[in-house]
Amino acid sequence: MGEDNGLALLQSRSTQLQQGLELASTTTQLALAHSKLARLIGRPSVSLVEEELSFDARERAEALALCLSVETNIAHSPEAERAASAVEQTRAEGLLLRAEQLPELVLGYTNQSIIGTHLIQGQEQWLGPSRRFHSINLGVNIPISFRANRAKRKAQAEKLRAEELDYIATLQELQELGTALAQELRQSLTAYERYRDEGLPQAQRMLSASEAAYRAGEASYTELARSIELYIATERKHLDALYNCHILKAKLSALLGHSTQTKQAHTTE
């Protein structure tokens, strides 16, 4: 009974490996067809990852610059500036309330004419439009009660304190978020470069050696399938690290209020 189960398990595993080999063979054929088509149209044969998703030296320098600028530029991020603007607006409203308690100086000026016959010093005189009268009025308005204004100022002071605390909390949250994103971006850059420079070339050499040994009859298809699985897993980790680099850089740029530029592929006709 145990031998039957072991045989069934071995057959199932062999079927899975055979399907994996067929899938790898189909993928290889598609890659060869892509290379042939590229040569026919005169376009360099490069993979989609190399052409569209690579993280070149310029992008790496920009990402590291973003990581370094988190501590110095987080106060200039859009959310931090909105919180700071709310504090300044509340402070200005408090100054206006304080100004309402000051005496108000009123200055008036009158310039008019009285056309017609008027009795001036017991004699009738005709006053035409050229005769005008000028007067200046000066007055001072002093508030009588300060109780209502004092209550408004107290409420405004509480509002200002709340806005300042909110600004400090927002700045701290943004600082923590920016630091975390910068750390993740550095780790993703390190992982991407390690897989690009070491992991993928090593997996490719192992796959090439397994393919050569399989063709020469020195290795079984099980060993070849393991090499293919290892290469696929390494490529997946490489792509995950590359994806994280782009996503984390975009998030950090948005947090700091920097504009992100979309990388466009240029086709050769």
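Kindly rank 232-241, 157-166 from highest to lowest mean number of other beta carbons found within 10 Å of each residue.
Details: 232-241: 16.0, 157-166: 14.3.
Taking the mean over residues of other Cβ atoms within 10 Å, the ranking is 232-241, 157-166.
If DNA, RNA and ligands are ignored and the probe is 1.4 Å, what is the ranking of Tyr109, Tyr192 by accessible area, most exposed first? Can you show the working numbers first?
Working: Tyr109 145, Tyr192 15 Å².
The residues order as Tyr109, Tyr192, largest area first.
So how far apart, in nm, are the two label points at Arg194 and Glu223 if each is 7 Å from Cα heading toward Cβ?
For Arg194 paired with Glu223, the spin-label model returns 2.9 nm.
What net charge do the residues around Ala155 carry, taking every other residue with its C-beta under 12 Å from that of Ala155, with Lys and Arg at +1 and Asp and Glu at -1?
Charge balance in the 12 Å sphere: +4.
The values are calculated or read from the model by the stated rules, or taken from the named source; none is laboratory data. Predicted model, so just to flag it, every value in this text is computed and none were measured. All Cβ positions, glycine included, derive from the backbone under ideal geometry; neighbour counts span all protein chains shown. When the accessible area is computed, the model is the full protein with side chains, heavy atoms only, and any ligands, DNA or RNA have been set aside. Shrake-Rupley method; radii C 1.70, N 1.55, O 1.52, S 1.80 Å.
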